[in-house]
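Colleague: Handing you a structure now.
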Amino acid sequence: MAKQNSPSLVEVVKRVAEQQQSQVSDIEKSKTVLFQLQAKYQELEKEINSILLETKTTEREIHLQDDAIEVTKYQCENLEAQVRALYSENLKLRCDADTVQEEFEMILARNNEYREKIKDHKHLFWEMESKLPVMIELAEKKAVVEELKAKKEELICDLQNPEGSVIKQEQEEITLLKSEITTLKDFINKKRDLLEEEKKKHAKLRKEIEVQNKRYDAILKRLHCQLNKVHSNKRQWHWNIQQLEKKAAELRKCLGVAELQNIM
């Protein structure tokens, strides 16, 4: 019986040893698997931390984009209000420019008409001056004086005649002629004074006309300056509106892209 049991004990011990070796091998395999699982767990933790960091970064970017969208909306509203104000100002400037242009054309037409009247008045003045009764009478009186001078020369020649009655008569005529000459000289002097007064009046009228011309020239220059300023402001406002419209279009485009990203 003891002999029969010995081999079975050895087998049992052998089997136990094999089982222990198998268990040790399984333990080693389990350790290897455990190490691998731990390494994968660490890698997964790293990936999870990286994903969490990216998630926080994405959330922060989303908040920043939300803030940027609000700022962009506010800027768009302000720009639209500025565009409306500039458009209204541009319409007002156009109306002002049309009004100034009409006033300028009216004043220019009046000034041209006034210049034509002055030209006609000057021409008429010279014609009237040459036909004044004073000038005509003065010419006639000069002719009379020349005639009297000729008679005087004749009387001087007659003085050499020894006949006293003729000399006396001629002397009386000479005295009468001298009186007439004096009267004529006085008359001529008075007419000359009147003529000088008329010339002064015409000179004064010419000065007044020159003053009026200078005043209208100044008005025309001022209107030219105002018209140029209005055109310059109009071009500047038009350029500003174009720039603001471009900027508003860019901001609307950015706002549309931001809203599309937010929806996605």
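We did not get these values from a lab; they are worked out from the coordinates using the rules stated. Keep in mind the model is a prediction, meaning the values are calculated, not measured.
Colleague: So which of Lys73/Lys234; Lys117/Lys221; Lys119/Lys191; Lys152/Lys191; Lys56/Lys253; Lys152/Lys204 end up more than 32 Å apart by C-alpha?
Modeller: Distance filter (> 32 Å) returns Lys152/Lys204.
Colleague: In percent, what relative contact order does the stretch 12-263 have, based on Cα pairs under 8 Å that are 6 or more apart in sequence? The partial results should precede the final answer.
Modeller: Working: 58 pairs, mean separation 116.3, N = 252.
The normalised contact order for the stretch 12-263 reaches 46 percent.
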